[in-house]
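Everything below concerns the one structure shown next.
The values are calculated or read from the model by the stated rules, or taken from the named source; none is laboratory data. Just so we're clear, the structure is a prediction, and the values are computed from it rather than from any experiment. Cβ sites come from the backbone with ideal geometry, for glycine too, and all protein chains shown count toward neighbours.
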Amino acid sequence: MESWVGSLDIKADRVLDVGGSQKPAKGRTASWDVEEYLISDIEVPHDNSSKPDIVFDLGERSLDKECMNYFDTIFCLEVSEYVKDPVAMMNNLNWRLNNGGKLYISFNFSYPVHNPPGLDYFRYTRFGVKQLLENNGFNIDKLIPRTCDMNTGYPQWMEFISKQGMKYSKELGDINRETGYLVEATKL
């Protein structure tokens with residue numbers, strides 16, 4: 001994650017960082033030329049987090065006309081698993097982003113259930129990520145898999161799968177190493 005975010009050159013009039021109260025995107029990129037930077041998050045984000053500029057739940061179906069087609073770039077990092085309605089999430093991101101605007105978003109696929117208790121809902125395959133974005137007005141420019149390295153647990157993971165009698169797609173090869181996705185997309 002940090003390597004990817006650290007490689008981004010951000011030049012935009014207005015940037016929205018969805019869920020950025022705990023770990024803002026600003027200050028983590030390669031370059032940052034932004035006129036207006038706002039963080040949106042739930043009303044009470046994680047402990048020791050700064051208060052968001054805009055309070056809204058990404059998974060609630062809502063249309064804030066004041067923010068419609070307002071942002072040139074949106075970050076939505078390490079948030080998707082907490083959203084109870086993925087289609088509402090994509091609609092909210094789409095509504096707030098200008099046509100041709102950039103979306104930087106991450107998705108987990110293989111990750112343990114984590115805090116806050118009871119609010120960790122979904123995991124996404126690369127095929128689910130593709131469908132979710134493309135069916136909701138985005139073109140995927142880059143889909144970068146996060147992977148399980150051979151030296152950090154992959155053999156143990158495959159042994160576990162085998163012992164449990166789970167089936168995996170052998171013809172897809174390295175896809176079985178994927179633990180999540182970093183996506184750069186453009187609003188159509």
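Overview of values
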quantity: Criterion violated by V5 - all others in (1) within 17 Å of D120 (Cα to Cα); (2) under 14 Å from the mean Cα position of the chain (by Cα) satisfied; calculated: (1)
quantity: Breaking point among (1) at pLDDT 90 or above; (2) assigned to a loop (DSSP other than H, G, I, E, B); (3) more than 16 Å from the chain's Cα centre (by Cα); (4) aliphatic (A, V, I, L, M), for V113; calculated: (1)
quantity: Leading residue by the ranking (nearest to E184 (Cα to Cα)) among those in the range 96-113 that are surrounded by fewer than 17 Cβ atoms within 10 Å (Cβ to Cβ) and touching a residue at least 60 places away in the same chain (Cβ under 8 Å); calculated: G100
quantity: Answer residue from the range 11-56, given it is more than 17 Å from the chain's Cα centre (by Cα) and β-branched (V, I, T) and is nearest to Y104 (Cα to Cα) among those; calculated: V34
quantity: Output for the range 19-28, where each listed residue is surrounded by fewer than 20 Cβ atoms within 10 Å (Cβ to Cβ) and either of a type in the set (F, W, Y) or under 16 Å from F71 (Cβ atoms) (or both); calculated: P24, K26
quantity: Residue in the range 131-143 that is in a strand (DSSP E or B) and modelled with pLDDT under 95 present; calculated: no
quantity: Qualifying positions in the range 9-40 - out of contact with any strand residue (DSSP E or B) (no Cβ under 7 Å at 6 or more places or on another chain) and not small (G, A, S); calculated: Q22, K23, R28
quantity: All strands (runs of 3 or more DSSP E) inside the range 1-103 with 3 or more residues being hydrophobic (A, V, I, L, M, F, W, C) and more than 21 Å from I144 (Cα to Cα); calculated: 9-18, 31-41
